[in-house]
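Scroll down for the structure; my scribbles are underneath it.
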Amino acid sequence: MSRPSVKALWGAAALVLVAGCSSGGPGEQPGTAPPTTASSAPSAPSAPSTTARASVTGTLTEGLKSPWGLAALPGGDLLVSSRDERTITRIDGRTGAKTPLGEVPGVVPGGEGGLLGIAVRDGWVYAYLTAASDNRVVRLRYGGGEADRLGPPEPVLTGIPKGIVHNGGRIAFGPDGMLYAGTGETGRTGLAQDRASLGGKILRMTPEGRPAPGNPFPGSVVYSYGHRNVQGLAWDSAGRLWAAEFGQDTWDELNLVEPGRNYGWPEAEGRAGRAGFTDPVAQWPTSEASPSGIAYARGAIWMAGLRGERLWRIPLSGAERSGEPEAFLKGEYGRLRTVLAAGGDRLWLVTSETDTRGTPGPGDDRILRLEVR
C-alpha cells in the first residue's frame with residue numbers, strides 16, 4: 001500500500017458542520033447475527049466518471065494515533081479525538097501544529113469503543129465515549145486562547161449500550177440546533193428493534209440531553225431505529241439527514257433518515273422491499289465500503305470507507321440519488337475514518353491505519369486536505 005509524502009501545508013478556510021462493522025479481512029469485526037440477503041444488485045461502479053473529482057492537495061498534519069472524531073473550531077482550527085489514547089488535540093488550521101488538550105476522564109477503550117465522535121457548540125466540546133458501564137455523551141467547557149485546556153466532563157446522555165463491537169459513536173449538531181448521535185446494537189441485534197433501548201438508533205436531543213421537541217416518540221430521544229451500527233451523519237443543503245451504516249456480511253448502506261422510520265436491522269440488510277422498513281438510497285458489498293464518516297459537499301455525499309479503503313461519492317438530486325456511486329483514492333491512503341466539510345469544494349479527510357485493523361506506514365495517521373467536484 002502506498003503512502004504519500006507530506007505536502008506543502010495550506011491556509012485555513014472557514015469550516016462548516018461536522019459531519020463499525022463488517023466481517024472479514026482488515027474491516028471491522030462481525031456481529032453475532034446470521035447474515036441476511038438483499039434483493040437487488042450493488043450500486044457501486046468500478047470507475048469514476050470524467051466529471052467528478054476528489055484530489056488530495058496536501059497533508060495538514062500526521063503522526064496521529066487512532067484518530068476518530070473531527071470538529072471545526074471558530075477561526076479555522078480543528079479538534080481531533082483519539083479513540084485509544086482518550087485524548088483531544090487541537091490542530092492549527094494553517095500550520096498543522098498539534099496542541100494536546102489532555103485526556104478525557106472516564107473513557108474506557110476496548111475493541112471498537114473509546115473516545116469517539118466530537119462536536120463543538122457555544123464554548124462546549126461534546127464527546128461520545130465508552131465508559132465503564134455504557135456509551136455516553138458528555139460535554140466539556142473549552143475556551144481556547146491562553147487557557148488551552150478542557151474543563152471536566154458533564155454528562156449529557158448516559159445509558160447507551162456498549163460492547164466490544166458496534167458502538168456507533170458519531171455526533172453532530174443539525175441545522176435545527178439539536179444534537180444527533182448514531183449508536184450501534186453492540187452485537188445484540190434485538191436492541192435495534194427495541195424502541196426502549198438506545199442501541200441501534202439515531203438519537204436527537206437538546207444540547208442538554210433532553211428529548212428534542214418534535215421527536216417522533218414522546219418523551220424519547222429516539223429519532224429512528226432498526227440500525228446496526230451508525231457512524232456517519234450529515235445534512236444536505238435542504239437540511240435532510242443522511243446516515244452511513246455498517247452491514248454485516250452483505251450490504252453496507254447510505255440512508256435518508258426520517259423521524260420514526262424503521263431501517264430494518266436485523267430483519268433486513270440492504271434493500272429488502274418489505275412493508276414497514278425503509279430501504280437504503282445506496283448500498284455496497286461490505287468489502288467495498290465499511291463506511292464511517294460522511295460529509296455533504298458539491299451536491300453529493302462523500303463517504304469514508306474503512307475496509308474498502310476508498311472515498312465514495314454519492315450524487316444527490318433532492319431526496320434521491322441522481323447517479324451511481326463513484327469511488328476515489330482506492331487503496332492510496334489505507335483505511336479512511338472521518339470526512340468533514342470545509343466549505344465550497346473542500347473537505348478534510350482522516351485516515352485510520354493505527355486503529356489496530358490497518359497496516360501503519362510512516363506518518364500514519366494523518367489529516368488530508370481534499371478538493372472535490
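Consider Ala192 against the criteria (1) assigned to a strand (DSSP E or B); (2) surrounded by 22 or more Cβ atoms within 10 Å (Cβ to Cβ): it satisfies all of them except one. Which criterion is unmet?
(1)
Could you list, in sequence order, the residues of the stretch 75-104 that are over 19 Å from Pro153 (Cα atoms), in a loop (DSSP other than H, G, I, E, B), at pLDDT 95 or above and not β-branched (Val, Ile, Thr)?
Answer for the stretch 75-104, where residues must be over 19 Å from Pro153 (Cα atoms), in a loop (DSSP other than H, G, I, E, B), at pLDDT 95 or above and not β-branched (Val, Ile, Thr): Gly76, Asp77, Asp92, Gly93, Arg94, Gly96, Ala97.
Quick check on the stretch 299-314: of everything there that is touching a strand residue (DSSP E or B) at 6+ places or on another chain (Cβ under 8 Å) and open to solvent by 10 Å² or more (accessible area, probe 1.4 Å), which residue is farthest from Glu245 (Cα to Cα)?
Looking at the filtered set, the residue picked out is Gly299.
Please state which one of Gly214, Gly168 is open to solvent by less than 10 Å² (accessible area, probe 1.4 Å), out of contact with any Asp or Glu (no Cβ under 6 Å at 6 or more places or on another chain), assigned to a loop (DSSP other than H, G, I, E, B) and modelled with pLDDT of 95 or more.
Gly168
Restricting the search to the stretch 287-298, which residues are within 17 Å of the chain's Cα centre (by Cα) and open to solvent by 10 Å² or more (accessible area, probe 1.4 Å)?
Glu288, Tyr296
For the list (1) open to solvent by less than 20 Å² (accessible area, probe 1.4 Å); (2) at pLDDT below 95, I need the number of the one condition that Pro35 fails.
Condition not satisfied by Pro35: (1).
Of the residues Ser292, Ser317, which is modelled with pLDDT of 95 or more, under 17 Å from Gly168 (Cα atoms) and of a type in the set (S, T, N, Q)?
Answer to the selection: Ser292.
Looking at (1) more than 29 Å from Ala238 (Cβ to Cβ); (2) of a type in the set (S, T, N, Q); (3) open to solvent by less than 40 Å² (accessible area, probe 1.4 Å), can you tell me which one Thr183 breaks?
Going through the list (1) more than 29 Å from Ala238 (Cβ to Cβ); (2) of a type in the set (S, T, N, Q); (3) open to solvent by less than 40 Å² (accessible area, probe 1.4 Å), Thr183 breaks only (1).
The values are calculated or read from the model by the stated rules, or taken from the named source; none is laboratory data. This structure is a prediction, so every number in the text was calculated from the model and none was measured. Positions of Cβ are backbone-derived with ideal geometry, glycine not excepted, and every protein chain shown enters the neighbour counts. Quick note on the areas: whole protein, heavy atoms, side chains included, nothing else; ligands and nucleic acids left out. Shrake-Rupley method; radii C 1.70, N 1.55, O 1.52, S 1.80 Å.
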